[in-house]
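J.: Below is a structure I'd like to ask you about.
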Amino acid sequence: QVQLVESGGGLVQPGGSLRLSCAASGILFHIYTMAWYRQAPGEQRELVAAIPSSGPPTYADSVRGRFTISRDNARSTVYLQMASLKPEDTAVYYCNGKSYFADYWGQGTQVTVSS
């Protein structure tokens, strides 16, 4: 059974930091491109950052320079370090794992940036 389980969301003040984690099980993690998406109320889900099995990560323009995606293949875990958070970063953040033949999603974790 495939599971992607996110953790680390919460309430943070503007300018603060959070680290999201996504632990995967049931997949050959090291061959998957892992990504973080987010969806704010009334908005479409958007790609935040992605990290392939090999090669450099990519970022949405809105988070480049503030967010860092990384992966630990030994722990089958992908991370999203978020800094200098803004109210517009408020959303449900979803973990995604994609290969040539499969596409999996986590259940999401809420991030709220507010004073």
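J.: Can you go through Y79, Y104 and tell me which one is in a strand (DSSP E or B) and touching a Cys at 6+ places or on another chain (Cβ under 8 Å)?
T.: Y79
Residue-wise test of (1) open to solvent by less than 50 Å² (accessible area, probe 1.4 Å); (2) within 18 Å of V113 (Cβ to Cβ); (3) among the basic types (K, R); (4) touching a Pro at 6+ places or on another chain (Cβ under 9 Å).
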| residue | (1), (2), (3), (4) |
| --- | --- |
| Q13 | no, yes, no, no |
| M34 | yes, no, no, yes |
| D72 | yes, no, no, no |
| S76 | yes, no, no, no |
| A83 | yes, yes, no, no |
| S99 | yes, no, no, no |
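J.: Under 6 Å between Cβ atoms, which residue pairs at least 6 apart in sequence (or on different chains) link something in the range 14-37 that is touching a residue at least 60 places away in the same chain (Cβ under 8 Å) with a partner that is β-branched (V, I, T) and assigned to a strand (DSSP E or B)?
T.: P14/V113; L18/V12; C22/V78; M34/I51; M34/V78; W36/V48
J.: Ok, one more. Please report, ordered by residue number, the strands (runs of 3 or more DSSP E) entirely within the range 9-71 with at least 1 residues that are among the aromatic types (F, W, Y), closer than 19 Å to G108 by Cα and in contact with a strand residue (DSSP E or B) (Cβ under 6 Å, 6 or more places away or on another chain).
T.: Numbers: elements: 10-12, 18-25, 33-39, 46-51.
Hits in the range 9-71: 33-39.
The values are calculated or read from the model by the stated rules, or taken from the named source; none is laboratory data. Only a predicted model underlies this, so the values are computations on that prediction, with no experimental measurement involved. Because the Cβ atoms are built from the backbone with ideal geometry, glycine has one as well, and the counts that use them run over all protein chains shown. Quick note on the areas: whole protein, heavy atoms, side chains included, nothing else; ligands and nucleic acids left out. Shrake-Rupley method; radii C 1.70, N 1.55, O 1.52, S 1.80 Å.
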